[in-house]
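See structure below.
The values are calculated or read from the model by the stated rules, or taken from the named source; none is laboratory data. Only a predicted model underlies this, so the values are computations on that prediction, with no experimental measurement involved. Positions of Cβ are generated from backbone atoms using ideal geometry, with glycine treated the same way; all protein chains shown enter the neighbour counts.
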Amino acid sequence: MILRTDGTNCDVETAYAFEQAGGSPRLVHVNQLRAGKERLSAYRILVIPGGFSYGDDILSGKILAVELTSFLREEISRFVAAGGLILGICNGFQVLVRTGLLPLGEIGPVRATLMVNDSARFECRWVRLRVEESPCVFTRGAAGRVVEFQVAHGEGRFFTDAATLNEIEKRSLVAFRYVDAGGRPTQDYPDNPNGSLNAIAGITDPSGRIMGLMPHPERNILRRHHPNWRRLKDYVPAGRFIFENAVAAAKA
Amino acid sequence: MLQEVRVGLLPALRDARGEEVLYEIRTALRIETVEAVRTVKVYRFEGIDAEAARFLAERLLCEAVFQEYRVNEPLITDADRLLEVAYRPGVMNPEAGSLLKAAGDLGVEGLLAADSSVEYAFYGRFTDEELATITRRLLVNETIQQVVREKPQTLLLGGERGRTGIIPVRTMSDAELVALSQDRLFLNLEEMRLIQEYFRKLGRDPTDAEVEILAQTWSEHCVHKTFKARIIVDGREKKPFLTRLREATARVARPGQVLSAFVDNSGVMAFYDGWALCGKVETHNAPSAIEPYGGAATGSGGVFRDVMGTGQGAKVIASTDIFCFAPPDTPPGEIPAGCLHPHYLLRRVVAGVRDYGNRMGIPTNNGSVHFHPDFRAKPTVIVGAYGLIPAARAQKGRPRPGDAVVVVGGRTGRDGIHGATFSSAAMTDRTMTVNAQAVQIGHAIEEKRMADALLAARDEDLIRAITDCGAGGFASAVGEMGAETGALIYLDRAPLKYSGLAPWEILLSESQERMVAAVAPEDVARFMEICREHNVEATVLGEFTDTGRFEAYYGGEKVLDLEMGFLHHGLPQRVLSCSHTPGEPEEPEIPVPGDWEGVCCRVLSHLNVCSKEPIVRVYDHGVQGTNALPPYGGVGGAGPNDAVVLTPLLDRPYAVVIAHGLNPVLNRIDAYWGGIWAAAEAVSNAVAVGADPEELVLIDNFIWPVPEGEYLAQLDRAVDACVDFSLALKLPFISGKDSLSSTYRGRDAVIHIPPVLCISVFGRLPDAGKTVSADFKGAGNLLVLVGDRREEELGGSVYYDLHGELGRSVPRVDLGRLPAIFRAVHGAIASGAVLAAHDVSEGGLLTAVAEMAFGGGCGAEISLPEKTRPDFYLFNETAGCFVLELAPGTAPGVLFAGVPCQVLGRTVPEPELRFSHGGRPLFTAPLERLRAAYRRPMKEVFGA
């Protein structure tokens, strides 16, 4: 299920990425869930795609997070308990941290946040990411790989308190980090495009079945997506593995 | 009592937004006394108690992990000064709706209204005057914002039920008619007399609604009086401008290629597999001049709705932005009264386009920025939108009598009243104060959900006809849709933002994010259901009739009853005459430079050449997953490309190419050759990435000083240029717009803004794989210059400008040879022989080669022919010329047989450009220094 609401805008290409990976995605409006016309339990993967849900008013993703935790708390909790997969990309990641589902896998207090970029503005650019060792099923088999994805956000600076950061690192919940040309995590702009703590670009929950990331893997599933595909012979689009892993895990 | 919640970052955390303000204080205002700025968000709620406000703070407004809050007390107490900035009452704050929704979701009851604003905390030893300057120049645009000096008593806007007035035009003298028109109707005396005569015949006086709708429908903005006028040039009558352009299109458009031209909200061409592409380019100069953020944002919103309102509804797939400003470092004393500083304008216009396009999820991928001091009186803000639509739904819809008039989207408020008439008027020093109402800030999410709903309705075939509610509001949208039938609407059914609007205000309001659809009676229920499912408000206002009249009621009272015929055809064709006197600027004497690297750096850091990357990066290019050639590419993303390539059908390789061209300063010298240059540049940009020159269509935008005397003659020549170009290249114009009010009349100055002709181009290509980028692909490859030019034609060039000269010799692009050149370049790219391509434009060959090298991560050695003057060779800006990097083993003589082609040199591994002249070394410049010069100007403005 690709969840849509007012201001969602990466839904179509995210659905296409899942189709390419062998999934059967459906676009579902949050109103359909609230009205009971659609049920989360009928799906194996919940995706909250990129966009500006409700204009990112107050804080990015906040209004949708409040809506989900107010009306769909039980349904989401049951979905998680039943082993459902949840993926939040960009605005979806912002929603997931604001529900509490990331980093600790439970709807509850907000333990981490995504702040205004250090540059104070929306930026769209391609960045390098290193896939980290983590329990995450979306990145299974890819640890150590360096991939290039596009970021396009104004509020992507991962931030949390020292205790939570320590827990995230200790339990290996970081799924992606921004890295420099040498493949080393970096705090330097623009390789780290927003000033995220510990160069964190994406995290997973302890079960590995919930993941959120700021960069857009769905914008790197076709050869022509890469900004320099003309310079790269035999380029294999680097975003595909995430969707393939998700579909494989959901079918398992 | 209102509850106030203040939310700010924890004191230990950097405040990036505050630092951004500080950067602007230091760079734009050169004020050094402010040491730090922090920001606090202020929320106000009406109808709830402090406990409920605290609950909202905890659950909605503040996240303790990085923020703190206070209820009904200050948050920052140690600042030297606090300043709160809020929207003026009546300006729609888009956040208010979200606050109400989320509070409702959280179960908070009794909330009547909510608002938000920003409080700035200043630290340092600044003076009151400095703070006043910061407030006035950076933080508060008094058109829409105000400093909050005391806590407001209420957030609810009230008002008496609106009334209709009768305007006694039948008995008015000419002086009274003129007085009625000034600052409100913007009609001339002759037009006012026509209205007087019409109502004398009817034997009654008009309502205010009737006078207003006539003024609006007859405004230059809506009816294009000049473009439809009979034109007499030097005593000889020529066909109206619009007729000339349409006739050219009729002659050159290929069957099956152009599906709809000049009749709908955008022009449509065929794509592939039953799909079609549409395009529209608009200007939003006047609103952007007085409120740049909202003006530019609503410009984008409006042009998106033009695409959404094409046929039975299109999906917007791309946005473009083209701006002209005065230099950002213009001394404040040189800015005319009533005008805003270009540094502020540039940053705010970019922010407006950014926020609207990004939030709508529409990639903004193609644009440019041009600078000239005379744009200080009024900027040019051009926004384009392109769409994808099933070919079967691409024809303009026709309502049938009995169809419902349905308004969809946002509510109607007092905003934007008189926008159409105001846009048609020249700016004066009174513009800022008298016409402030004509501006609003835009609500992209409202438009996004409306777009989602309308596409769903279209796919169920529920829309008979649809149009944007833009300039002129319901009056224009319903009046135009019902022109052939008739329409009857009930104004009191329109959902309002607040009470107190007079009927004529409801009729004329230009509140954004509204569209009007004609829906068959049997489809209304389903249409409304789809809207509800998408959180979109939709209301049946009335119906289309067969009376041939435009009628409106308000609470039982008839406030409008006009014949559609008088409304749309009552205005007589104008007759305009002018004579053309060619200007006589001198051709300057320019010395051959000694410091070559210095000259190259000055050319590359000229405002019309330099990198615009900090602007481009704030636009989302990748959303929709369609981008196949980004604005910047190559090594480190350092090389700019000429056009955008999109693949809007994700599972198909079919490509859309979008580009544009303009060079306003050339029109100052000669609008004919300036016009040819703009069109040739637009098509060159498209061809340089691989577009097929026979599969393109054109859009014109004329932004001209008030067309009187010589400016009318120049406009005539610019139209001729478009027509000649269209016929020579066999490329049809399918849409266009004119904005003929680029004249500023102040108390002590008249400024004619440089005439702008912007040509946009879009087209199709069966395989995105056969497109090419501009960055060099490696060392040792042959470089050629393809195209026809006379190197000494430097009139209007950047090179002349660096010497303070304009010159006379605008490059005269040879229309006879251009088609073969375009075909040859396209053929070479399609064959795979071209590794990189870039067209020559502002900054000349030097700039083209440098930009290719920046993205290539390698250099080039270029040999200039013995007989040429090296500076002319490097800095000539003739459009229709290309620098190509050829694949090894390619023979240029064979590839470009029959078209002008010369070998320039080769790419080299060293990161430098080496030039020789007649076999002797001329100079070598390291790429690093060239690139630093190229990046410097916009880096300074945007701090990136």
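Computed quantities for the displayed model
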read-out: Subset of segment B:661-686 (residues that are surrounded by 24 or more Cβ atoms within 10 Å (Cβ to Cβ), among the aliphatic types (A, V, I, L, M) and more than 20 Å from the chain's Cα centre (by Cα)); value: B:LEU666, B:ALA671, B:ILE676, B:ALA680
read-out: Of the criteria (1) in a helix (DSSP H, G or I); (2) over 31 Å from the mean Cα position of the chain (by Cα), which one B:LYS151 fails; value: (1)
read-out: Extreme residue, nearest to the chain's Cα centre (by Cα), among residues of segment B:242-259 that are of a type in the set (Gly, Ala, Ser) and at pLDDT below 95; value: B:ALA253
read-out: The listed residue being within 13 Å of another protein chain (Cβ to nearest Cβ) and part of a loop (DSSP other than H, G, I, E, B), out of A:GLU38, A:GLU13; value: A:GLU38
read-out: Selection count, segment B:273-286, where residues are surrounded by fewer than 21 Cβ atoms within 10 Å (Cβ to Cβ) and touching a Pro at 6+ places or on another chain (Cβ under 7 Å); value: 2
read-out: Selection from segment B:202-220 of residues that are more than 18 Å from B:SER509 (Cβ to Cβ), outside any loop (DSSP other than H, G, I, E, B) and not aliphatic (A, V, I, L, M); value: B:GLU220
read-out: Where A:SER70 falls short, out of the listed (1) within 27 Å of B:ALA96 (Cα to Cα); (2) within 18 Å of the chain's Cα centre (by Cα); (3) facing chain B (nearest Cβ under 9 Å); value: (2)
read-out: Scope segment A:78-127; condition within 11 Å of another protein chain (Cβ to nearest Cβ), of a type in the set (Val, Ile, Thr) and closer than 16 Å to A:PHE176 by Cβ; matching residues; value: A:VAL97, A:VAL127
read-out: Lone qualifier among B:GLY387, B:GLY367, B:GLY402 - being more than 14 Å from chain A (Cβ to nearest Cβ) and either under 30 Å from B:TYR800 (Cα atoms) or part of a loop (DSSP other than H, G, I, E, B) (or both); value: B:GLY402
read-out: Where a residue in segment A:185-213 is in a loop (DSSP other than H, G, I, E, B) and its partner, wherever it lies, is of a type in the set (Asp, Glu) and buried (at least 21 other Cβ atoms within 10 Å of the Cβ), with Cβ under 8 Å and at least six apart; value: A:PRO190/A:GLU123; A:PRO193/A:GLU123; A:ASN194/A:GLU123
read-out: Filtered residues of segment B:847-884 (kept if part of a strand (DSSP E or B) and closer than 12 Å to B:GLN902 by Cα); value: B:ILE862, B:SER863, B:LEU864, B:PHE882, B:VAL883, B:LEU884
read-out: Residue ID - nearest to the other protein chains (Cβ to nearest Cβ), chosen from residues in segment B:733-748 that are surrounded by 24 or more Cβ atoms within 10 Å (Cβ to Cβ) and not in a strand (DSSP E or B); value: B:SER742
read-out: Search result, residues across segment B:221-241 that are outside any strand (DSSP E or B) and either surrounded by 14 or more Cβ atoms within 10 Å (Cβ to Cβ) or at pLDDT 95 or above (or both); value: B:HIS221, B:CYS222, B:VAL223, B:HIS224, B:LYS225, B:THR226, B:PHE227, B:LYS228, B:ALA229, B:LYS239, B:PRO240, B:PHE241
read-out: Residue match in segment B:191-208 (condition: aliphatic (A, V, I, L, M), modelled with pLDDT under 95 and within 25 Å of the chain's Cα centre (by Cα)); value: no
read-out: Residue in segment B:757-764 that is more than 25 Å from B:ILE703 (Cα to Cα) and away from every other protein chain (no Cβ under 14 Å) present; value: yes
read-out: Hits in segment B:306-335 - residues which are charged (D, E, K, R) and over 13 Å from the mean Cα position of the chain (by Cα); value: B:LYS315, B:ASP329, B:GLU334
read-out: Residue in segment B:875-885 that is more than 14 Å from chain A (Cβ to nearest Cβ) and over 23 Å from B:SER773 (Cβ atoms) present; value: yes
read-out: Test: residue in segment B:870-888 that is over 22 Å from B:GLU910 (Cβ atoms), touching a His at 6+ places or on another chain (Cβ under 9 Å), crowded, with 23+ Cβ neighbours inside 10 Å and not hydroxyl-bearing (Ser, Thr, Tyr); value: yes
read-out: Residues satisfying the stated conditions in segment B:515-533, i.e. under 26 Å from B:MET564 (Cβ atoms) and touching a helix residue (DSSP H, G or I) at 6+ places or on another chain (Cβ under 8 Å); value: B:MET515, B:VAL516, B:ALA517, B:ALA518, B:VAL519, B:PHE527
read-out: Selection count where residues are touching a strand residue (DSSP E or B) at 6+ places or on another chain (Cβ under 7 Å) and more than 9 Å from chain B (Cβ to nearest Cβ), scope segment A:41-67; value: 7
read-out: Odd one out for A:GLY22 among (1) crowded, with 24+ Cβ neighbours inside 10 Å; (2) at positive phi; value: (1)
read-out: Unique residue being in a strand (DSSP E or B) and either among the polar types (S, T, N, Q) or modelled with pLDDT of 95 or more (or both) when the list is B:ILE699, B:ILE751; value: B:ILE699
read-out: Segment B:242-275, residues that are assigned to a helix (DSSP H, G or I), under 19 Å from B:LYS396 (Cβ atoms) and hydroxyl-bearing (Ser, Thr, Tyr); value: B:THR249
read-out: Segment B:44-69: number of residues that are within 13 Å of another protein chain (Cβ to nearest Cβ) and assigned to a loop (DSSP other than H, G, I, E, B); value: 5
read-out: Condition met for A:PHE176 (on the phi < 0 side of the Ramachandran plot, in a helix (DSSP H, G or I) and away from chain B (no Cβ under 11 Å)); value: no
read-out: Filtered residues of segment B:87-137 (kept if part of a strand (DSSP E or B) and away from every other protein chain (no Cβ under 11 Å)); value: B:TYR87, B:ALA113, B:ASP115, B:SER117, B:VAL118, B:GLU119, B:TYR120, B:ALA121, B:PHE122, B:TYR123, B:GLY124
read-out: Enumeration of residues in segment A:190-223 that are in contact with a strand residue (DSSP E or B) (Cβ under 8 Å, 6 or more places away or on another chain) and surrounded by fewer than 21 Cβ atoms within 10 Å (Cβ to Cβ); value: A:PRO190, A:ASP191, A:LEU197, A:ASN198
read-out: Any hit, segment B:146-169, residues being farther than 30 Å from B:ARG493 by Cα and crowded, with 19+ Cβ neighbours inside 10 Å; value: no
read-out: Strands (runs of 3 or more DSSP E) contained in segment B:618-672 and holding at least 3 residues more than 10 Å from every other protein chain (Cβ to nearest Cβ); value: B:655-661
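For (1) part of a loop (DSSP other than H, G, I, E, B); (2) crowded, with 24+ Cβ neighbours inside 10 Å; (3) charged (D, E, K, R), each residue gets a yes or a no:
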| residue | (1), (2), (3) |
| --- | --- |
| B:GLY299 | no, yes, no |
| B:GLY302 | no, yes, no |
| B:ARG305 | no, yes, yes |
| B:THR310 | yes, yes, no |
